[in-house]
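Engineer: The structure is given below, and queries will be raised subsequently.
The values are calculated or read from the model by the stated rules, or taken from the named source; none is laboratory data. Note that the structure is a prediction, hence the values are computed from the model and not measured. Positions of Cβ are backbone-derived with ideal geometry, glycine not excepted, and every protein chain shown enters the neighbour counts.
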Amino acid sequence: MSTEKDPEIEGHDENDETAANYKPPPEKTIEEIMAADQEDESLRRYKEALLGSAQTERIVVEPNDPRKVIVKKLALCVSGRDDMELDLTGDLTQLKKQVFVIKEGVQYSIRIDFITQREIVHGLKYVQKTYRLGVPVDKMTHMVGSYPPKKEIQSYTTPAEEAPAGMMARGTYAVTSLFTDDDKNEHLKWDWSFEIKKDWN
């Protein structure tokens, strides 16, 4: 269920040392990115293809929202079933009341839908910490990537995870999710929960 162990749970983690030594590149505007390396024709064409219309117009999807990243939705995806979705645009304090039911042992993924606007966002990450009875039991961190501004909603889906199984695994779990980036900007942080059951009903 985990892609990265939480040091609070497992003790010393070498990944933390790597992360501590990692220095993210400085933020640059689209204009600065396009102005750099102009003499390299292949790199220039690559940047034009990557940025598309973002290089010629300042894309602002929601002008009243100053954020560069607007997280819209979390979906719990299980093959053969309708996605279970959380609307992340409203009152986040109400999300705990909406409990997802997951059948033990199934393969599931988490999809995040979001908008990027105004500037390129570097090194987006999805971090999820899971607790049971107030005790941390799992942590996963997924590198989402860097995204240019775009008018359409963009999505990231985590690799498939296997839900825990067995009588001891059944019960309700509290989750704290964080959408952040290389510069430690908190684009959105929210709490939600799911329940592992023997079956879907």
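Engineer: Yes or no: region 147-158 includes at least one residue that is more than 15 Å from residue 113 (Cβ to Cβ) and of a type in the set (Asp, Glu).
Structural biologist: Checked region 147-158: no residue is more than 15 Å from residue 113 (Cβ to Cβ) and of a type in the set (Asp, Glu).
Engineer: If you take the residues in region 150-201 that are assigned to a strand (DSSP E or B) and without any contact (Cβ under 8 Å) to a residue 40 or more places away in the chain, which one is nearest to residue 93 (Cα to Cα)?
Structural biologist: For region 150-201, the residue satisfying everything is 189.
Engineer: Which one is farthest from residue 160 (Cα to Cα) among residues in region 82-119 that are in contact with a Phe, Trp or Tyr (Cβ under 7 Å, 6 or more places away or on another chain) and of a type in the set (Val, Ile, Thr)?
Structural biologist: Going through the qualifying residues, I end up with 116.
Engineer: I would also like to ask the following. Would you confirm, using the coordinates I've provided, whether residue 86 is surrounded by 15 or more Cβ atoms within 10 Å (Cβ to Cβ), out of contact with any Asp or Glu (no Cβ under 9 Å at 6 or more places or on another chain) and touching a residue at least 40 places away in the same chain (Cβ under 8 Å)?
Structural biologist: Here the answer is yes, as residue 86 does meet what is asked.
Engineer: Among the numbered criteria (1) modelled with pLDDT of 90 or more; (2) touching a strand residue (DSSP E or B) at 6+ places or on another chain (Cβ under 7 Å); (3) among the acidic types (Asp, Glu), which one does residue 182 miss?
Structural biologist: Among (1) modelled with pLDDT of 90 or more; (2) touching a strand residue (DSSP E or B) at 6+ places or on another chain (Cβ under 7 Å); (3) among the acidic types (Asp, Glu), residue 182 violates only (1).
Engineer: Just checking, which of 144, 175, 101 is surrounded by fewer than 19 Cβ atoms within 10 Å (Cβ to Cβ) and under 26 Å from residue 80 (Cα atoms)?
Structural biologist: 101
Engineer: Another question about this same structure. Looking only at residues that are among the polar types (S, T, N, Q) and under 17 Å from the mean Cα position of the chain (by Cα) in region 98-154, which one is farthest from residue 168 (Cα to Cα)?
Structural biologist: 117
Engineer: For the subset of region 105-141 comprising residues that are of a type in the set (A, V, I, L, M) and over 16 Å from residue 196 (Cα atoms), which member is surrounded by the fewest Cβ atoms within 10 Å (Cβ to Cβ)?
Structural biologist: 135
Engineer: If you go through region 81-105 one residue at a time, how many are part of a strand (DSSP E or B) and among the aliphatic types (A, V, I, L, M)?
Structural biologist: Matching residues across region 81-105 total 5.
Engineer: Let me ask something additional. For region 120-137, check the following and say yes or no: at least one residue is farther than 23 Å from residue 70 by Cα, basic (Lys, Arg) and free of Cβ contacts under 8 Å to residues at least 60 places away in the same chain.
Structural biologist: Checking region 120-137: at least one residue is farther than 23 Å from residue 70 by Cα, basic (Lys, Arg) and free of Cβ contacts under 8 Å to residues at least 60 places away in the same chain.
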